[in-house]
Amino acid sequence: MSKSEKQPDAGGYLVLARKYRSAAFDEVVGQQHVAQTLANAIKAGRIAHAYLFTGTRGVGKTTMARILAKALNCLSTDGPTAEPCNKCDACLAIARGDDIDVVEMDGASNRGIEEVRQLRSNTVFRPARCRFKIYYIDEVHQLTKDAFNALLKTLEEPPPHVKFIFATTEAEKLPATILSRCQRFDFRSIPAKQIAEHLARLCESEKVQADEGAIFRIARAAAGSMRDGLSLLDQVIAAGAGKVAEQDVLELLGTADDERSLSVARAIADGDPAAALSAFAGLIEAGSSIGSALGGLCETMRNMMLARVGGQAADLIELGEVQKKAVIELAGRFSLPALTQAVAMLSNVAYKVRTSSIARPLAEAVVVRLAAADKFVDPVSLIERIETMESGAPAQGGSARPATGAFAPPAARQGQAFQPRQTPAPPQAQGARQAGQVQSAQTAQPPQARQPQPPAKQLSTAEKQQIQADPAVKNALGLFGGQVIDVRAEEDNPKDDQAD
Ligand SMILES: [Zn+2]
């Protein structure tokens with residue numbers, strides 16, 4: 001924050017987005033790729049005459065344009081510098097957006113040919129005190145066709161003292177003739193984690209007490225836009241009388257809180273529909289709409305899915321450290337197929353309730369369905385899966401795994417938690433039995449394992465490989481995600497019906 005614009009308004013309170021607007025290339029959050037390239041180009045003296053900044057709203061386009069303008073025009077050095085001083089008259093005026101040589105225009109309100117003609121006739125004049133006359137046109141895609149044509153003439157042969165910086169949220173609306181004459185920089189949506197870190201630093205500078213959960217809530221709601229994050233933070237600070245508490249954020253946003261969503265998920269993991277329903281009711285009583293309660297639960301399931309996938313996927317979980325830990329812990333009680341299915345089901349119902357007059361029953365049905373998953377079989381997806389395999393396409397890992405047991409209490413679940421006895425054996429499994437009996441690995445300790453069985457023959461690795469290579473066995477294993485653990489003679493136990 002050292003170099004940021006901290007000068008307060010004469011009027012008193014300055015909104016955070018303005019007070020803490022980044023003032024140097026290395027301060028811009030989330031756009032290092034742009035900042036670095038621009039700084040290097042300036043150091044190398046390779047300065048283009050037109051730049052195009054594209055990206056969604058609030059990601060730093062105007063901030064970057066002002067830093068670039070300062071870098072080009074800073075009066076503290078003899079030429080352009082990658083490190084403008086932020087103290088000279090030019091730097092200060094550019095930061096305020098009212099420098100005489102840096103003209104900021106809004107493409108939406110200056111979209112006609114007259115405005116562009118005016119601009120063109122002004123470009124012949126040399127800058128008043130700086131090196132360059134810089135035109136910054138925001139939302140440039142709003143210009144009319146005639147205006148673009150007029151602009152093009154200037155872009156084709158710009159006077160050496162003129163630079164253009166265009167910004168747009170919709171680059172695809174720009175004519176190719178304009179695009180081809182600009183150096184283009186694509187600004188990225190800023191990850192919630194980076195927004196959160198920035199907001200936390202600001203709270204520290206502002207001596208505002210903020211909980212981590214609240215900061216992450218704001219950062220997620222900002223959806224990639226630092227400006228939105230800062231505006232929300234402003235609002236919450238104002239509402240909370242100088243404190244940032246998660247409850248205030250939830251009230252402001254009307255979204256479900258993570259802790260309550262997590263208790264619904266816990267009840268689902270326990271296989272306890274009554275507890276799940278009551279926790280879900282708690283979400284709604286706390287002020288969430290049905291849709292956002294489902295959305296919150298869906299997000300919790302998604303986070304657990306990411307945790308279950310592991311590796312770098314866990315970095316995508318946008319939560320504070322404490323909540324992240326709780327989510328990762330709970331994720332261990334679900335199988336990956338169960339979590340992917342839960343995400344799909346919840347997002348599906350969340351979409352439906354938006355237009356439904358029976359939103360709450362629908363929502364409650366899906367919660368019960370998830371918590372009592374061991375009582376449901378999903379025959380449609382099972383049939384689809386079998387058909388896919390019959391058509392010769394490679395089996396997709398678990399996508400159509402039956403719901404049976406997927407959410408069963410943890411003691412009943414091992415890995416993918418398929419409970420074979422509740423599902424009719426599909427044709428492939430019958431085939432598999434002929435090739436030697438296969439037990440799925442997840443059911444290494446199923447109840448039926450205790451029934452009298454013919455003595456198992458210990459298999460060598462080569463034998464296992466040979467059995468596993470059989471197409472029928474492959475299909476059966478692909479269907480249930482199992483592996484061959486032993487083989488028994490079919491004729492010894494003809495009534496055995498455990499071809500999983
Ligand atoms: Zn300066």
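Every number here is computed from the coordinates shown, using simple stated rules; none is lab data. All figures in this text were calculated on a predicted structure; none of them were measured in a lab. So basically every Cβ, Gly included, is an ideal-geometry build from the backbone, and we count neighbours across all protein chains shown.
Before anything else, pin down the relative contact order of region 60-138: Cα pairs under 8 Å, at least 6 apart, normalised by residue count, whole percent. Relative contact order comes out at 31 percent. Couplings 3J(HN,Hα) for region 144-159, derived from phi with the Karplus relation 6.51 cos²θ - 1.76 cosθ + 1.60 (θ = phi - 60°), are 6, 4, 4, 5, 4, 4, 5, 5, 4, 4, 6, 5, 5, 9, x, x Hz, where x marks Gly and Pro.
Hey, if you drop one equal point scatterer on each alpha-carbon of region 192-253 and run the Debye formula without solvent, what base-10 log of I(q)/I(0) do you get at q = 0.12, 0.18, 0.24, 0.25 Å⁻¹? Reported log10 I(q)/I(0), two decimals: -0.20, -0.48, -0.89, -0.98.
Summarising the amide proton neighbourhood of ILE137: residues at separation of 5 or more, or on other chains, whose placed amide H is nearer than 5 Å comprise MET105, ILE165, PHE166, ALA167. Once you have a ≥ b ≥ c as the square roots of the Cα gyration tensor eigenvalues for region 281-390, tell me rounded if a/c is under 1.5, and otherwise prolate or oblate according to whether a/b is larger than b/c. The shape class here is oblate.
Close amide-amide hydrogen proximity is noted between VAL162 and LYS133, each under 5 Å apart and 5 or more residues distant or on a separate chain (H modeled in the peptide plane; Pro and chain starts excluded).
For an R0 of 45 angstrom, estimate the FRET efficiency from the Cβ-Cβ distance between SER347 and SER109 and round to the nearest 0.05. Each step should come with its number before you reach the end.
Details: r = 39 Å, r/R0 = 0.88.
According to the calculation, E is roughly 0.70.
Distance from the C-alpha centroid of region 240-298 to that of region 192-225: 20 Å, rounded to the whole angstrom. Projecting label points 7 angstrom from Cα along Cα→Cβ for ALA48 and ASP272 puts them 6.0 nm apart.
Summary of packing: across the peptides 308-318, 76-86, 136-146, 14-24, the per-residue average of other C-beta atoms within 10 Å ranks them, highest first, as 136-146, 14-24, 76-86, 308-318. How much length would be gained if the chain were fully extended between ASP234 and ALA286, taking 0.36 nm per residue of separation minus their Cα-Cα distance, in nm to one decimal? Computed gain between ASP234 and ALA286 is 16.4 nm. Across region 235-302, the relative contact order, built from alpha-carbon pairs under 8 Å that are at least six residues apart, equals 34 percent. The string of couplings for region 345-355 from the Karplus curve (6.51, -1.76, 1.60, θ = phi - 60°) is 5, 5, 5, 4, 6, 4, 5, 5, 5, 4, 10 Hz, one whole number per residue in order, with x for Gly and Pro.
By the gyration tensor of its Cα atoms, with a ≥ b ≥ c the square roots of the eigenvalues, what is the shape of region 77-227: rounded for a/c under 1.5, prolate for a/b over b/c, or oblate?
Numbers: a/c = 2.70, a/b = 1.58, b/c = 1.70.
In terms of gyration-tensor shape, oblate.
Per-residue Karplus couplings for region 174-188, computed as 6.51 cos²θ - 1.76 cosθ + 1.60 with θ equal to phi - 60°, are listed in order as 7, x, 4, 5, 6, 3, 6, 9, 10, 8, 9, 10, 9, 8, 9 Hz, Gly and Pro entered as x. Label-to-label distance for ASN149 and ARG126 is 3.4 nm, based on points extended 7 Å past Cα in the beta-carbon direction.
Under 5 Å from the amide H of GLN183 lie the amide H atoms of ALA50, TYR51, LEU52, each residue being 5 or more positions distant or on a separate chain, with H modelled from the backbone and absent for Pro and chain starts.
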